[in-house]
1. Regarding the stretch A:121-129, can at least one residue be identified that is under 27 Å from A:F61 (Cβ atoms), modelled with pLDDT of 85 or more and outside any helix (DSSP H, G or I)?
2. Quick one: A:T407 ticks every box in (1) within 13 Å of chain B (Cβ to nearest Cβ); (2) under 33 Å from the mean Cα position of the chain (by Cα); (3) part of a helix (DSSP H, G or I) except a single one, so which number is it?
3. Taking the condition at the interface with chain B (Cβ under 10 Å from one of its Cβ atoms), touching a residue at least 40 places away in the same chain (Cβ under 8 Å) and touching a strand residue (DSSP E or B) at 6+ places or on another chain (Cβ under 7 Å), does A:I327 pass?
4. Could you tell me how many of the residues in the stretch B:47-66 are within 11 Å of another protein chain (Cβ to nearest Cβ) and over 14 Å from the mean Cα position of the chain (by Cα)?
5. Take the residues in the stretch A:353-367 that are free of Cβ contacts under 8 Å to residues at least 24 places away in the same chain and touching a Phe, Trp or Tyr at 6+ places or on another chain (Cβ under 8 Å), then tell me which one is nearest to the other protein chains (Cβ to nearest Cβ).
6. Taking the options A:Y310, A:Y370, A:Y347, A:Y318, name whichever one is closer than 26 Å to A:D268 by Cα, aromatic (F, W, Y), within 14 Å of another protein chain (Cβ to nearest Cβ) and surrounded by 14 or more Cβ atoms within 10 Å (Cβ to Cβ).
7. Among residues belonging to the stretch B:5-39 that are within 14 Å of another protein chain (Cβ to nearest Cβ) and buried (at least 19 other Cβ atoms within 10 Å of the Cβ), point out the one that is modelled with the lowest pLDDT.
8. I'm checking my understanding of the structure. Among residues of the stretch A:131-140 that are crowded, with 16+ Cβ neighbours inside 10 Å and assigned to a loop (DSSP other than H, G, I, E, B), which one is modelled with the lowest pLDDT?
Amino acid sequence: MTENDIKSVMGKEETLHDGEVRSERVSVIDYKMVTFALAGKDYAIDIMEVKEIAKAGRFTFVPNTSPFVLGVYNLRGDIIPIIDLRIFFNIPTKARESDALESMIIINVDEQTFGIVVDSIDKVVGISKNSIQPPHPIFGDINIKYIHGVVENQGRLYILLDVNRIFGSRVKAAEEVATQAIEEKLIPAVAVSHKQSKDELDVSFIRDALAALTKFFVTAVNEQWISTRYQQWRDVRTAGDIQLKSEDDARQYLETFRSPETGTFWNDAYASEISNILPVNQAKQINVWNVGCGKGYETYSLAVILKDKYPNSRIRIYANDSDLLAISNAPMLSFPENMISPIYKPYLVQGVNGSWSFNQTIKDMILFEYHDCTNQNSVPNMDVIIARDVLSFMNPKQQTSVISEFTEKLKDNGIVILGKNEAMPQHSGWLRTVQGDVVAFSKE
Amino acid sequence: MRVEYINPFVEAAYNILTEVLGGDIKRGELYLKSASVPVMGVAALVGLAGDVEGRVIFDMDMATAMKIASQMNQEDLKQFDELAKATITELANLITAQAVTKLHDLGFRFDLTPPALFTGENMEISDHDVEALIVPMETSQGRVEVNVAIRDRM
C-alpha cells in the first residue's frame with residue numbers, strides 16, 4: 001500500500017469518526033430557540049428569555065423616546081415598551097401601514113418585559129448547546145457585541161442574539177439618549193472620547209475585514225492611511241453601513257490607497273518627482289530592486305528615469321513579482337503609440353506590426369524574475385528599492401521580515417520608495433524625504 | 001527565477017512526457033516554493049552550470065516511477081531495478097536537454113551535469129538561497145513534479 005492509499009484510508013476513518021460525533025451532538029437537544037426573520041435573514045433568541053409571542057398593532061406612541069421605541073402596549077393589563085429591532089440594528093424597514101398587525105416576541109430581561117417587533121416569527125428549533133459557534137467580525141448588519149453565536153440547523157444559519165446584552169445596554173442607551181443633549185454641551189470631551197472608542201472599534205472591524213477579504217494587512221506601514229481613510233469613509237456611508245460586508249466594499253474602501261500611476265507608464269509629472277528624489281550617485285554600478293513589478297510598465301518607466309539620471313553608470317534593475325501571469329509578458333512588453341509620453345521616445349523601437357517596445361539598452365538593464373520576496377532573496381546590495389503597495393498585502397510577519405531584508409540589502413546612501421500611502425514604521429531608523437506624491441526613506 | 005527560463009521547462013516537460021508516455025498529460029498550476037523540498041520517493045536531479053547556476057529535480061512517487069518505466073520500456077517491470085532506474089534517469093535527461101536547447105536558442109548558455117537518481121522514503125532536499133519553481137504534471141501514470149531552481153550568476 002502506498003503512502004497515498006494509507007492517507008486516503010486514514011482520511012475516511014477521520015470522516016467516519018466526525019460523523020459519529022455529529023450524530024451524537026444532534027441527539028442531545030439541550031437548547032431551544034425561537035427563530036425569526038429580519039430583512040430576509042434568520043435570527044434566533046434563547047427560548048428561556050421569551051415569555052410569549054403575539055401579534056399586535058397600534059402601539060401608543062410615547063414622545064421624546066429613541067427612534068427604535070415604537071411605543072407602549074397593553075398586554076393583558078401590563079404596560080410594556082415595544083421596540084423595533086430593525087430600527088435598533090439599522091436594518092432598512094418597510095414603511096408600515098398604520099393599522100397593520102406586527103409580529104411580536106415578548107421577552108423578559110432582568111424582571112422587565114419588552115415587546116420586540118420583527119418581520120416574521122418562524123418556529124422553535126431545538127439544538128445542542130455545543131453546536132453554537134462564536135460570531136465572526138465580518139457579519140456586518142448587526143454589531144458583533146449583540147451576537148451570542150451562530151447556529152446551523154437543517155441547512156439554515158441562525159444568528160443567535162444575546163438579549164441580555166441588547167436590552168441591558170438599551171436601558172443605559174435610553175438614559176444616554178436622554179442626557180446626551182446636556183452632555184454634549186457641558187462635557188464635550190466625554191462625548192468625544194465615547195465616540196472615539198466606537199470609531200476605534202469600527203476601525204478594528206474594518207482591519208479584520210480587509211485582512212479576510214482582500215489580504216490587506218494593517219500595520220505600522222499603513223496605519224496612518226487607514227485612520228484618515230476611515231474618517232472619509234464614515235462621512236460618505238450611512239451609520240449602519242460602515243462595516244465592510246463584501247469584497248466589493250473592501251475594494252471600495254481601498255480605492256484611494258493605490259499609488260498614482262499604478263500598472264501603467266508613469267506620466268511626466270510623476271516621473272520627474274521620482275527623478276528628483278533619487279540621490280546623486282557617482283557609482284559605476286547602480287543596483288535597483290523593484291519588488292512587485294506586475295506587468296512591467298512601471299519598471300520600464302523607472303529604467304528610463306534612471307538612464308537619464310545616471311547616464312554614466314551601469315544600471316541593473318531586479319524586477320520581481322509573484323504573479324506569474326502578470327510578469328510572464330514583461331520581458332517582451334509591446335504597446336500602442338498612444339500609451340507613451342515623449343520622455344520615453346528616445347528609447348523605443350517600432351516592431352513589424354506597428355506596436356512599440358523598448359530598445360535593447362533598456363531591456364538589458366532589467367532582469368524580470370518570477371519570485372516571491374518573502375522567500376530567500378539572492379539580490380546584491382541595492383542603491384534604490386522600489387516596492388509600491390507591496391508591503392500592505394503581506395501579513396504582519398512577512399512585512400517585518402521583508403523590511404529587515406530591505407534594511408540588510410540597502411546600501412548606506414540608498415533609498416527605499418514605498419507606496420504613496422505607506423511608510424516605514426516610525427522610530428525604526430528611517431529618515432523620510434517628501435517630493436510631491438513620492439516619499440523616500442533613507443537610513444539614519 | 002528569470003521569467004524567460006520558465007516556459008522552456010514547462011514546454012519541454014509537456015512535450016517529452018506526451019511523446020514517451022502518450023495519453024493525456026495535464027499541466028497543473030505553477031507555483032513557487034522556498035528552498036526545502038520534500039521528495040515523494042524517486043527523484044532525478046540534473047545540475048545546471050554556465051551563465052546560471054541551479055538544478056532541476058524530477059520528483060514522483062515509486063508507483064508512478066514504476067508505471068512510467070514500464071510504459072517507456074513497453075514491458076511490465078516488477079521491481080525498481082537497473083533498467084527502471086536508467087529509464088527514469090533518461091527521462092530526466094530528455095526533458096532537461098530539450099529545455100536547455102530551447103534556452104540556447106534564446107541566447108542563454110547552460111551546461112548540464114549527468115542526472116543523479118535518489119530513491120527512498122522521507123527524503124528532503126534542501127538547497128540554500130534558491131527558491132524553486134514547481135511545474136506539476138498529471139500523467140495517466142501519476143503525478144510528476146518538475147522542480148526548477150536556477151539563478152543568474154552574480
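1. The answer is yes; a qualifying residue exists.
2. (1)
3. Working: at the interface with chain B (Cβ under 10 Å from one of its Cβ atoms): yes; touching a residue at least 40 places away in the same chain (Cβ under 8 Å): yes; touching a strand residue (DSSP E or B) at 6+ places or on another chain (Cβ under 7 Å): yes.
Answer is yes for this residue.
4. 4
5. Going residue by residue through the stretch A:353-367, those that are free of Cβ contacts under 8 Å to residues at least 24 places away in the same chain are A:353-356, A:359-360, A:364.
Next, from what is left, pick out any that are touching a Phe, Trp or Tyr at 6+ places or on another chain (Cβ under 8 Å): A:355-356, A:359.
Values: A:S355: 19, A:W356: 20, A:N359: 16 Å.
Filtering first and then ranking leaves A:N359.
6. Working: A:Y310 fails: within 14 Å of another protein chain (Cβ to nearest Cβ); A:Y370 fails: closer than 26 Å to A:D268 by Cα; A:Y347 fails: within 14 Å of another protein chain (Cβ to nearest Cβ).
Going through A:Y310, A:Y370, A:Y347, A:Y318 in turn, just one is closer than 26 Å to A:D268 by Cα, aromatic (F, W, Y), within 14 Å of another protein chain (Cβ to nearest Cβ) and surrounded by 14 or more Cβ atoms within 10 Å (Cβ to Cβ): A:Y318.
7. In the first step, residues of the stretch B:5-39 are kept if they are within 14 Å of another protein chain (Cβ to nearest Cβ); the result is B:5-11, B:27-39.
Within this subset, residues satisfying the condition of being buried (at least 19 other Cβ atoms within 10 Å of the Cβ) are B:5-6, B:8-9, B:37, B:39.
Working: B:Y5: 88, B:I6: 88, B:P8: 90, B:F9: 90, B:V37: 76, B:V39: 83.
That would be B:V37.
8. A:G140
The values are calculated or read from the model by the stated rules, or taken from the named source; none is laboratory data. Remember, predicted model here, so these are calculated numbers, not experimental data. Every residue, glycine as well, gets a Cβ built from its backbone with ideal geometry; the counts of neighbours run over all protein chains shown.
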